[in-house]
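Here's the structure we're looking at; comments come further down.
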Amino acid sequence: MVRVKRGFVARRKRKKILKRAKGFRITVRTQIRRAKTAVFKAKRHATVDRRLKKRTMRRLWTTRINAGARSLGMKYNELIAKLKKRNVKLDRKVLADLALNDFAAFTKIVESVKNQ
C-alpha cells in the first residue's frame, strides 16, 4: 500500500477560504474553522443583500420622483397614474434621474401629463 498525503489539496482548499476571509477581524481571518463559518455567513448575507439593494434603490427613486413632482404641485401617485394613462414608458429609475439631474426635462414630462 502507498500512503496518500493530502498536503497540497488540503492546503489549496484552506488557502482559498482564508483568502476570502481576508479583512475579517482577529482570529476569523487566520483560523480555518472560524474563517469557514464567517465566509459561509458572508456569502449568505451577500445573496440576501443583493435582493435588498433592489428594494432600497426603488424606494430612493420613489422618494426622488415624489420630491420633484411635489415641487411642481403634483403627488407621486397622481403622476404615476397619469403616466400610465398616457402610456408613457419611462421607468422609475429614469424618472428619478431626470428629477435629480435634468429638472427641465422632468418638468416638461410632468406638465404634459398634468395638462391632460
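Here, each number is a calculation from the coordinates, and none is a lab measurement. Quantities reported herein were computed from a predicted structural model and do not represent experimental measurements. Every residue, glycine as well, gets a Cβ built from its backbone with ideal geometry; the counts of neighbours run over all protein chains shown.
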Problem - Cα lying deepest toward the dipole's positive end in the stretch 1-68, options Ala42, Val4, Thr30, charges on Cβ - result: Val4
Problem - Of every Cα-Cα pair in the stretch 7-114, the percent that sits beyond 24 Å - result: 51
Completion exercise
Quick calc: nm separation of the 7 Å Cα→Cβ label points for Phe8 and Thr63 -> 5.5
Handout entry: Ranking of Met74, Met1 by count of other Cβ atoms within 10 Å, fewest first
Key = Met1, Met74
Completion exercise
Ordered by fewest other Cβ atoms within 10 Å, a rough proxy for footprinting exposure, Leu83, Leu98 read Leu83, Leu98
Completion exercise
For the chain, the longest principal axis of the Cα atoms and the Cα long axis of helix 7-20 enclose an angle in degrees, to the nearest 10, of 30
Exercise for the section: Calculate, for Lys19 and Val48, the FRET efficiency according to 1/(1 + (r/R0)^6) with r their C-beta to C-beta distance and R0 25 Å; round to the nearest 0.05. Expected result: 0.65
Handout entry: Helix axis angle, 76-85 relative to the chain longest principal axis, alpha carbon, degrees
Key = 80
Handout entry: Debye, to nearest 20: dipole size of the chain, +1 on Lys, Arg Cβ, -1 on Asp, Glu Cβ
Key = 1840
Completion exercise
Placing +1 on each Lys and Arg Cβ and -1 on each Asp and Glu Cβ in the chain, then taking the dipole about the Cα centre, the residue among Ile80, Leu100, Trp61 whose Cα reaches farthest towards the positive end is Trp61
Practice task
Describe numerically, in nm with one decimal, the distance between label points set 7 Å from Cα along Cα→Cβ at Asp102 and at Gln31.
Solution key: 5.7
Problem - the chain: most fluctuating residue of Arg11, Arg34, Arg92 per GNM, C-alpha cutoff 10 Å - result: Arg11
Fill in the blank from the handout: To the nearest 0.05, the calculated FRET efficiency linking Asn115 and Arg55 through their beta-carbon distance, R0 being 22 Å, is 0.05
